[in-house]
1. Step by step: find N for the range B:75-153, compute 2.2 N^0.38 Å, then divide the Cα radius of gyration by it. What's the final number?
2. Let me know the shape class of chain B, please: from the alpha-carbon gyration tensor, a ≥ b ≥ c as square roots of the eigenvalues, rounded when a/c is under 1.5, otherwise prolate if a/b is greater than b/c, or oblate.
3. Report, by chain and number, residues whose modeled amide H sits under 5 Å from the one on residue A:199, excluding near sequence neighbours (fewer than 5 apart, same chain).
4. Give me Rg/Rg_expected for the range A:36-189, where Rg uses Cα atoms only and Rg_expected = 2.2 N^0.38 Å with N residues.
5. Quick one: how many Å² of residue A:174 are accessible to a 1.4 Å probe, rounded to 10?
6. HN-Hα J couplings of the range B:27-33 from phi, Karplus 6.51/-1.76/1.60, θ = phi - 60°, integer Hz, Gly and Pro as x?
7. Near the amide H of residue B:21, under 5 Å away, which other amide H atoms are found, from residues 5 or more places off or on another chain, if H is placed in the peptide plane?
8. How would B:49, A:71 rank on accessible area, largest to smallest, probe 1.4 Å?
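The values are calculated or read from the model by the stated rules, or taken from the named source; none is laboratory data. Quick caveat: nothing in here was measured; it's all calculated off a predicted structure. Backbone-built Cβ (ideal geometry, glycine too); neighbour counts: all protein chains shown. With ligands, DNA and RNA removed, areas are computed over all heavy atoms of the protein, side chains included. Shrake-Rupley method; radii C 1.70, N 1.55, O 1.52, S 1.80 Å.
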Amino acid sequence: MSIKTQLVTPILDVRNVNKEFNLHGRKVPILKDVSFSIHENEFLSIVGPSGCGKSTLLRIILGLVPPDKGEIIYKGERIQSVNPHMSMVFQSFALLPWLNVIENVELGLEAQGIPKEQRQRRALKIIQEVGLEGFEDAYPRELSGGMKQRVGLARALVTDPEILLMDEPFSSLDPLIAEGLREEILKLWSDKSTSPEIVIMVTHNVEEAVYLSDRVIVLSHRPGTVLSEFDIDLQRPRNKRGQELYELVDKITSLIA
Amino acid sequence: MSIPKVHYSRLIGLLEALEDFGGKVDVAKIADDLNLELDDLLPVIEAAELLGFLRTESGDISLTNEGLEFLSDGTRGRKKHLGKKLLTLDHFKKLIEFINQKEDKSITKEELSNFLAKEFHEIDSKAVSEWTIEWGRHGLLLRYNSKEDKIKLL
């Protein structure tokens, strides 16, 4: 267990989470005794091989899927339904094709019963911040993958969430687009006036996790269980192609390969 | 090349990666690092060169001072910078003149495509129209509403 974990009171506690799926009447364990904490102002990544249950874990943290055993504690309270202080960015963008950019972004606010005018104002502000200005009336089919994911990000940020969850946000993007978008995420993250306090990202890309995060949790093959966690103490801005970063990447990769 | 024919986000990705390499790198090396084929990377390099953000010299690419400046701008600053840059291209200069001559200061996508074919002899003028709209939007020069099929100046 890292030093940070012991000293600071966590915002979110993942306690002993277990999950099984039913596959043709056979029980398949997906997650086994997963425990860790998440602290204020932390960018945390969860890495692991595909099929290790990391996306399921993210859905359990959000409160979308209940664990079979164990619990998620948010600021001292047990989460039993979707946590309204969180929002999620999906790998597949999950945009509604018949809505334009601003309407897709506003969707994040509609459920909250905020008046139309106010919704639009907030949507426009966040659209500017994520670099979608000029594309307000574009439809998803008119957008590149990178721009689609910006819409996904704007929709998640428009509710001003305390915790932003990202499920493989860059993995369906062209490598160049992913490269640029990671930088944008870091820029948003470093601007404390707009960013959520906590980001939890699930990825299979170890290099990406080390580059972006303050801490990396490593899950094992299925059933996913915490193998190790690493504090990433490299100074920001980081050099993605630097020696120190590569050493950490190698160390983590050797754990899961 | 009259305008960039790659997605803006890819251009940004290349410039950011190039900056990580200290502003100058062998083309094959950066392609390998990004897991891209050279064929895939070359149009992005051409686009960056057209905009004056990057220079090619034998097998190397390097950031220009303007490229560095562009990178250090914030999200909005980049858009403004890009807009200014696009306005130096004949493509956008003439297009804006053309739209301004219209009574309602707007054109349809088909009119755009015909204009590009006639004015610039673009063979695939339909595809170039799409790039024009994309870059015009990024540079905050154009608006396009596909429901009404209207391209307007911003």
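1. 1.03
2. Prolate, since a/c reaches 1.5 and a/b exceeds b/c.
3. Amide H neighbours of residue A:199: A:42, A:43, A:44, A:164.
4. Rounded to two decimals, the normalised Rg is 1.07.
5. 40
6. Once rounded to whole Hz, the list reads 4, 5, 5, 6, 4, 5, 4.
7. Here nothing satisfies the definition.
8. From most exposed to least exposed: B:49, A:71.
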